[in-house]
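Below is one structure, written out as structure tokens; comments come after it.
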Amino acid sequence: MTDPQHSRLAIVGSGPTGYTAAIYGARAMLAPMLFQGIQPGGQLTITTDVENWPGDEMVQGPDLMTRMERHAHSVGVRIIAGHISKVDLSVRPFGLVGDDGAKYTSDSLILATGAQARWLGLPSEERFKGFGVSACATCDGFFFRDRHVIVVGGGNTATEEALFLTNFASKVTLVHRRDALRSEKILQDRLFRNKKIEPIWNCTVEEVLGTDNPLSVTGVRLRNVLDGSESNVACDGVFVAIGHTPASELIVGQLETREGGYVVTEPGTTRTSIPGVFAAGDLVDNVYRQAVTSAGMGCMAALDAEKFLSEQGNV
């Protein structure tokens, strides 16, 4: 039987959080192993134009992640194109098992598995992702200046996204399957006072409508949940705002989490409830969820890991 491959630092996840942590870890001479996971590069690989990454007036999401991967390679990060399916945090070194059965151990571990936006699950939604369908108003709202957009949802996320989009869009239609919002009262008050926002109650989005050449959203088909009637509403973009799900399946029952499955970290750090295990990015953050904040947390995690290993006599 082959002995598990060992490293002083293992990083699970390859978005801005993971790659940044890996770069800092390598510069600290920790010889990190980084596991890319099912979606190498994370959510930015399904984003087209990125205009809020400092230093780039505009960059394609996949290109940005390719550059991060190349940077990590250049400083000596061992990048493993595999998915970790199991971790054992009960003993140190921590144990990791890949989908292919390969086993690894590490003296410290950074979890950067991120979170995924919840989607409606429509084939037409999938078809127009990045071409008029988005789950991030902060990322993509700018592209809908003076346009009509639809926001789907009724909680805090939907209300906040609708309000934010009024900074750009000429009109925002909020589609909710119930007849009342679930968001905080103060957010509802702001929404109802905003003349750019019009709610459509008791409706679900059944299909995103659009053109093929070029791929572009032209509207949505709605179904009334009370009487089953259907109607089309013209729009230029659709923002799905029904929440996010952190990718915390690996550590269920091992690390402390809070509502929604987000990993709990010690305030001001990336330290989790188990010494030597650190968490950063969207796995922890349900507020900002930006590439730049995730990268910053990746830096924090690497510095926290370096300090931990030094105190343990491993550096």
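The values are calculated or read from the model by the stated rules, or taken from the named source; none is laboratory data. Computed from a prediction, not measured in an experiment: that's the story for all the values here. Positions of Cβ are generated from backbone atoms using ideal geometry, with glycine treated the same way; all protein chains shown enter the neighbour counts.
Here Met58 meets each of (1) surrounded by 14 or more Cβ atoms within 10 Å (Cβ to Cβ); (2) in contact with an Asp or Glu (Cβ under 7 Å, 6 or more places away or on another chain) with one exception, condition (1). Only a single item in (1) within 13 Å of Asp236 (Cα to Cα); (2) buried (at least 17 other Cβ atoms within 10 Å of the Cβ); (3) of a type in the set (Ser, Thr, Tyr) is not met by Thr157, and it is number (1). Gly253 falls short of the stated requirement of being modelled with pLDDT under 95, in a helix (DSSP H, G or I) and loosely packed, with under 15 Cβ neighbours inside 10 Å.
Being surrounded by fewer than 17 Cβ atoms within 10 Å (Cβ to Cβ) and not in a loop (DSSP other than H, G, I, E, B) is the requirement here; does Asp179 meet it? Judged against the criteria, Asp179 is not a match. Scanning the range 268-315 for residues that are touching a Lys or Arg at 6+ places or on another chain (Cβ under 8 Å) and closer than 16 Å to Thr138 by Cβ returns a single hit, Asp282.
Only one of the numbered conditions (1) surrounded by fewer than 17 Cβ atoms within 10 Å (Cβ to Cβ); (2) in the same structural domain as Gln43 (by TED's automatic domain parsing); (3) of a type outside the set (Gly, Ala, Ser) is not met by Leu283, and that is (1). Here are some residues: Ser14, Ser85, Ser90. Which one is surrounded by fewer than 15 Cβ atoms within 10 Å (Cβ to Cβ) and within 21 Å of the chain's Cα centre (by Cα)? So the residue among Ser14, Ser85, Ser90 that is surrounded by fewer than 15 Cβ atoms within 10 Å (Cβ to Cβ) and within 21 Å of the chain's Cα centre (by Cα) is Ser85.
The requirement of being in contact with an Asp or Glu (Cβ under 6 Å, 6 or more places away or on another chain), part of a loop (DSSP other than H, G, I, E, B) and more than 30 Å from Lys196 (Cα to Cα) is satisfied by Thr269. For the range 139-150, the criterion of being in a loop (DSSP other than H, G, I, E, B), closer than 24 Å to Pro246 by Cα and assigned by TED's automatic domain parsing to the domain that holds Leu215 is met by none of the residues.
Please find, within the range 74-110, the residue that is modelled with the lowest pLDDT out of those that are closer than 15 Å to His6 by Cα and of a type in the set (D, E, K, R). That would be Arg92.
Could you say whether any residue in the range 25-44 is in a loop (DSSP other than H, G, I, E, B) and of a type in the set (Val, Ile, Thr)? Can you show your working first?
The initial filter retains those residues of the range 25-44 that are in a loop (DSSP other than H, G, I, E, B), namely 28-32, 36-41.
Going one step further and asking which of them are of a type in the set (Val, Ile, Thr), we end up with 38.
Yes, the conditions are met somewhere in the range 25-44.
In this structure, Glu57 does not satisfy being outside the structural domain of Tyr24 (by TED's automatic domain parsing), free of Cβ contacts under 8 Å to residues at least 12 places away in the same chain and farther than 24 Å from Ala26 by Cβ. When the range 90-135 is limited to residues that are assigned to a loop (DSSP other than H, G, I, E, B) and in contact with a helix residue (DSSP H, G or I) (Cβ under 7 Å, 6 or more places away or on another chain), the one that is farthest from Val12 (Cα to Cα) turns out to be Gly130. Scanning the range 108-142 for residues that are β-branched (Val, Ile, Thr) and surrounded by fewer than 19 Cβ atoms within 10 Å (Cβ to Cβ) gives a single hit, Thr138.
State yes or no: is Gly219 surrounded by fewer than 17 Cβ atoms within 10 Å (Cβ to Cβ) and either modelled with pLDDT of 95 or more or in contact with a helix residue (DSSP H, G or I) (Cβ under 9 Å, 6 or more places away or on another chain) (or both)? Steps first, please.
On the way: surrounded by fewer than 17 Cβ atoms within 10 Å (Cβ to Cβ): no; either modelled with pLDDT of 95 or more or in contact with a helix residue (DSSP H, G or I) (Cβ under 9 Å, 6 or more places away or on another chain) (or both): yes.
Answer is no for this residue.
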